[in-house]
Amino acid sequence: MPSLPWNLATFLHAAAIALGLLTYVLVTRIGRQRRHPSAAIGWVLGIVAFPYAAVPLYLMIGSRKLARPRRAAVTPPAAAAPSDAPGWIVRLTAGLGLAPVRSGARITILTDGEVALQALLGLIDGAGNRLDLCTYVFADDATGRRVAGALIAAARRGVRVRLLIDAIGSVRTPRALRVSLSAAGVLVGWFMPLLHNPLRGRTNLRNHRKLAIADAGVVWSGGRNIADEYFGGRAGEPAWLDLSFVIEGGIAIDAQTVFDTDWQRGVRRAALSPPVSPSSSPSSSPSPPVPHPADHEAPAQLIASGPERTDDTLYELLLSAVYQAEVRLIVMTPYFVPDDALVQALAIACRRGVALTVLVPRRSNHRLADLARERALRDLAAAGAGIRLVEGMSHAKLVIVDDQVALCGSANIDGRSLFLNHELTTAFYGSTEITDLANWVLRQSERAAPYVARHPSLPRDILEGTARTIGFQL
């Protein structure tokens with residue numbers, strides 16, 4: 001086949017670049033895909049340099065929002081806030097279209113890994129009619145097999161069991177384990193496999209939520225995945241520092257809605273099994289609540305965030321909370337890579353007298369995140385923040401604002417959790433929960449070492465900046 005004339009080949013290549021840039025602009029503008037300048041520059045340069053590879057890649061993973069923009073502004077309702085729930089949060093979350101604050105929730109905070117695992121197994125064993133479990137990682141280890149065994153036992157006694165696992169987070173979960181679950185009657189959902197209908201989601205938008213719901217009345221959630229390191233620890237290693245909680249009450253209905261939406265939107269069945277027939281399901285009412293000590297009633301609220309929502313709900317809530325803080329801010333996260341706006345808001349809070357405490361692991365399980373966090377830590381240390389480095393792996397995700405609210409769940413303080421992943425956070429408004437969580441964090445802080453900011457060399461500064469840029473885009 002004869003080659004094209006040089007002028008024609010150049011024209012076609014330039015046309016491909018122009019078409020690629022036009023595609024980027026149209027997809028970005030029509031979908032209102034707000035993105036960090038570094039991410040935008042990266043995509044534009046990629047399309048200019050490698051249009052034939054970058055354009056398909058952008059169409060596959062570039063979009064970060066699945067929800068359509070609102071046609072009209074949402075006017076928050078002028079509803080009164082429940083007891084102990086700050087009015088500004090009630091108004092903001094209503095304006096963002098989130099589930100309302102639920103009063104009368106029975107809450108138990110679970111800081112010990114073994115206790116958290118027993119609570120999860122107890123919830124599974126106590127399910128009477130239906131049980132749903134969502135996790136990012138489902139490992140083939142002792143913990144994974146114990147949970148799998150409990151799910152199989154529930155399915156065999158007639159409970160409708162659905163297991164939703166992320167296709168990337170659980171890529172190491174063996175097919176044999178999924179097939180054995182399915183063979184026992186568990187419906188196994190494989191969230192957003194690499195090969196899927198592009199109309200149903202994007203490969204880069206992962207489901208990072210962790211929750212279990214029994215009979216739409218009891219919820220187990222927090223930051224723990226289903227793997228040894230989150231509960232009892234791997235052989236010869238201590239368990240990671242983390243948080244889980246059990247909630248009974250109306251908030252379970254909100255959690256059920258989140259799970260059902262994820263199941264419908266992003267699932268391809270890993271293995272099919274017939275649903276439990278009505279005649280084999282228990283006809284009795286839902287099982288009694290999972291027993292746990294010192295439970296009491298308090299207001300709480302489910303904060304769902306992710307690409308299925310028009311707004312960056314958790315990010316907007318965090319940014320508002322930082323500006324609302326008057327006395328103290330406590331931030332605990334394994335990966336701390338906030339964007340420039342959030343760093344600036346935290347620094348301003350320090351300078352106006354708010355006591356900011358940030359706890360991160362001395363060395364996390366992701367070296368890239370440790371590199372990317374350094375600029376933000378230095379900036380906040382210069383503003384007067386108290387930064388502490390926890391020995392061992394700390395996986396807890398927690399933000400406390402004064403005595404108003406404690407935010408706990410699956411989301412890290414980084415670009416992936418705040419702008420890309422499907423995440424689930426619970427806002428606690430009860431004084432008991434806020435005090436207990438604050439005291440727990442302060443105990444970890446007392447055992448942690450202070451962070452000492454050091455001016456980086458030029459190669460180190462370039463490396464940190466590259467890690468921060470790549471980390472945000474990925």
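The values are calculated or read from the model by the stated rules, or taken from the named source; none is laboratory data. Small disclaimer: the values here were computed from a predicted structure and weren't measured. Note: ideal-geometry Cβ built from the backbone for every residue, glycine included; neighbour counts use all protein chains shown. SASA here: full protein model, heavy atoms, side chains in, ligands and nucleic acids out. Shrake-Rupley method; radii C 1.70, N 1.55, O 1.52, S 1.80 Å.
Remarks
- Tally of residues being within 20 Å of the chain's Cα centre (by Cα) and open to solvent by 60 Å² or more (accessible area, probe 1.4 Å) across region 93-102: 1
- Some residue of region 193-215 being without any contact (Cβ under 8 Å) to a residue 24 or more places away in the chain and among the small types (Gly, Ala, Ser): no
This table checks each residue for (1) more than 15 Å from Val218 (Cβ to Cβ); (2) assigned to a helix (DSSP H, G or I); (3) not small (Gly, Ala, Ser).
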residue: Glu114; (1), (2), (3): yes, yes, yes
residue: Leu120; (1), (2), (3): no, yes, yes
residue: Leu133; (1), (2), (3): no, no, yes
residue: Gly144; (1), (2), (3): yes, yes, no
residue: Gly149; (1), (2), (3): yes, yes, no
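- Evaluated against (1) buried (at least 22 other Cβ atoms within 10 Å of the Cβ); (2) assigned to a helix (DSSP H, G or I), Cys350 falls short on exactly one condition, (1).
- Taken together, the residues in region 377-415 that are over 19 Å from Leu243 (Cβ atoms) and out of contact with any Phe, Trp or Tyr (no Cβ under 8 Å at 6 or more places or on another chain) amount to 9.
- When Ala376 is tested against (1) over 26 Å from Thr435 (Cα atoms); (2) open to solvent by 20 Å² or more (accessible area, probe 1.4 Å), exactly one condition is not met: (2).
- Residues located in region 306-347, provided they are within 16 Å of the chain's Cα centre (by Cα), of a type outside the set (D, E, K, R) and not in a loop (DSSP other than H, G, I, E, B): Thr313, Leu314, Tyr315, Leu317, Leu318, Val331, Met332, Phe336, Val337
- Subset tally (residues that are in contact with a strand residue (DSSP E or B) (Cβ under 6 Å, 6 or more places away or on another chain), open to solvent by 30 Å² or more (accessible area, probe 1.4 Å) and under 30 Å from Pro86 (Cβ atoms)) for region 103-133: 4
- Pick from region 235-247, criterion open to solvent by 10 Å² or more (accessible area, probe 1.4 Å) and touching a residue at least 12 places away in the same chain (Cβ under 8 Å), ranking: farthest from the chain's Cα centre (by Cα): Pro238
- Subset of region 322-352 [closer than 23 Å to Glu446 by Cβ, without any contact (Cβ under 8 Å) to a residue 40 or more places away in the chain and among the small types (Gly, Ala, Ser)]: Ala349
- Scanning region 404-425 finds one or more residues that are at pLDDT below 95 and among the basic types (Lys, Arg).
- Test: residue in region 302-325 that is modelled with pLDDT of 90 or more, touching a helix residue (DSSP H, G or I) at 6+ places or on another chain (Cβ under 9 Å) and open to solvent by 60 Å² or more (accessible area, probe 1.4 Å): yes
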